[in-house]
Amino acid sequence: MQFLQLMLALSFLVIIHEFGHFITAKIFGVRVEKFYLFFNPWFTLFKFKPKNSDTEYGIGWLPFGGYVKLAGMIDESLDTEQMAKPAEPWEFRSKPAWQRLIIMSAGVIMNLIGAMVIYAMILYSNGEQYVKLSDASMGMNFSEVAQDQGFRDGDILLMADGEELEAMDEENVRKILNASTVTVLRGGERKTLTMSRTFMQDLIASKEGFADFRLPFVVKEVIESTPAAESGLMANDSLVSINDSTLVAWSDFTPVLKANKNVPLNLGLYRNGAFMTTVLTPDSVGKIGVYVKSIYDIYPVTEHKYGFWESFPAGIKKGFIAFTGYGSDFKMVFTKEGAENLGGFGTITKLFPDEINWTYFWYITAYLSVILAFMNILPIPALDGGHIIFLLYEIITRRKLSQEFMITMQKIGLLLLIFLLLYANGMDIIRAFN
């Protein structure tokens, strides 16, 4: 199911990306010879060519992307035979540099627009719901790496470099990880922590994450025929101790329960304001059989509904934040920790849930669209960004690069992309075996 979701998302993103190249080429009178979803070396799964059309449409068997083949362009097909012939007016190479620049930029622009529209429609349909950091009175639980930076469980996050933090979302977490100082509320007092320059690298290397909300252990639902049901636990019971040792947060209970598998424990709890005790024996894996109330059940939820037209500026802002944030994080690829955590299709597949949740599916698809836009704008020959760099050089210097140079750079770019593809997916395989 995860793989099917990935294929559906990739198909959508490839089509809108290539449609950007396709439609702008048509506008400027460039002949489009092929429009393919996925690549088709050696054979094609499906193809057709409408009557009176110059374009062949098809589906390849290799799901690594897709392509639009423009007449008179040096691309991944390396069609040197066509380039050896005199240029025709309907060819890409015959068009002014500014038109070629628009055609090559259109795929990235379409992916960005696609992401922003998806974000806007999610906001219009569902709005935004979050718990303000200031409303989470028990603060956060922090990973070991975060605690090395000076954070302590129970700290309430207030500011990063003097800028107020409102929610525990992607934007604010990135602000914290890139900050020089972070201000927290600890025991009613404000404390300013100084972050090390390697904080993000250390966090990536640890694979632990940064922090999550610290919550009390309040039962939401008791599962039948489990230790919790047998002990008489009920919904809304608030657990506060084990064997007379006071425990504050749900996360404090978990290691104690796992350490006492099949051992009777004396649980202290509050029910309807009254303190009481019960005996409970965790099962063979340290589970007791309850669903615990989530952050949205415990703390007040801030909700923002968006009208149809109001959702578009918010979607544009969300897409812009995602794009610039990913660009900021990309520098970590050039560190040892970042390179070791690169992933391919296996890693991307795991982003999707086991069962289809359409809101989550579209949210992940929007983020993948942002990633696709960013990766394609990189100045690597064979990617849109490489072509854009060469076209900008041509516009600035008024000198057209030779076909021999372009073909050589295209070959170098393809080899680099193949290496990156093999490396990223190879890391997935290594992690799977480990």
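Only the coordinates and a few stated rules stand behind these numbers; no lab work does. Please read all numbers here as calculations on a predicted model, not as lab measurements.
The table below gives the values:
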read-out: Highest-fluctuation residue, 47, 331, 85 considered, GNM on the chain with Cα pairs under 10 Å; value: 85
read-out: Two-decimal Rg/Rh across the range 288-402, once Rg and the Kirkwood Rh are taken from alpha-carbon atoms; value: 1.11
read-out: Residue with peak Gaussian network fluctuation, the chain [Cα springs, cutoff 10 Å], from 29, 273, 58; value: 273
read-out: Reciprocal of mean inverse Cα separation for the range 20-143 (Kirkwood radius, Å); value: 17.8 Å
read-out: At 1.567 mPa s and 4 °C, Stokes diffusion of the range 307-347 via Kirkwood alpha-carbon radius, µm² per second; value: 105 µm²/s
read-out: Partners for residue 305 among lysines (Cα-Cα distance below 21 Å; same-chain residues under 8 apart left out); value: 132, 317, 318
read-out: Long-range HN-HN contacts of residue 241 with modeled amide H, under 5 Å; value: 247, 268
read-out: Globularity ratio of the range 265-350, using Cα Rg and 2.2 N^0.38 Å; value: 1.94
read-out: Hydrodynamic radius (Kirkwood) for the range 130-171, which is based on Cα pairs only, to one decimal in Å; value: 10.9 Å
read-out: The chain: DSSP helices with Cα axial extent of at least 24 Å and average Kyte-Doolittle hydropathy no lower than -1.0; value: 2-27, 97-126, 308-329, 358-377, 403-433
read-out: Estimated 222 nm signal from helices in the chain, with DSSP H stretches of n ≥ 4 weighted -39500 (n - 2.57), rounded to 500; value: -14500 deg cm²/dmol
read-out: Solution diffusion estimate, µm²/s, Stokes-Einstein, the range 149-286, Kirkwood Rh from C-alpha pairs, 37 °C, viscosity 0.692 mPa s; value: 187 µm²/s
read-out: Kirkwood Rh and Cα Rg combined as Rg/Rh, the range 1-84; value: 0.99
read-out: Under 28 Å from the Cα of residue 261 - lysines, other chains or at least 8 residues apart; value: 207, 220, 287, 293
read-out: Estimated D of the chain in µm² per second, where Rh is the Kirkwood radius over Cα pairs and Stokes-Einstein applies at 25 °C, 0.890 mPa s; value: 96 µm²/s
read-out: Fraction of alpha-carbon pairs over 19 Å apart in the range 163-237 - percent; value: 56 percent
read-out: Hydrodynamic radius (Kirkwood) for the range 345-415, which is based on Cα pairs only, to one decimal in Å; value: 14.6 Å
read-out: Candidates 328, 53, 134: whichever shows maximal mean-square fluctuation once the chain is modelled as a Gaussian network with Cα springs under 10 Å; value: 53
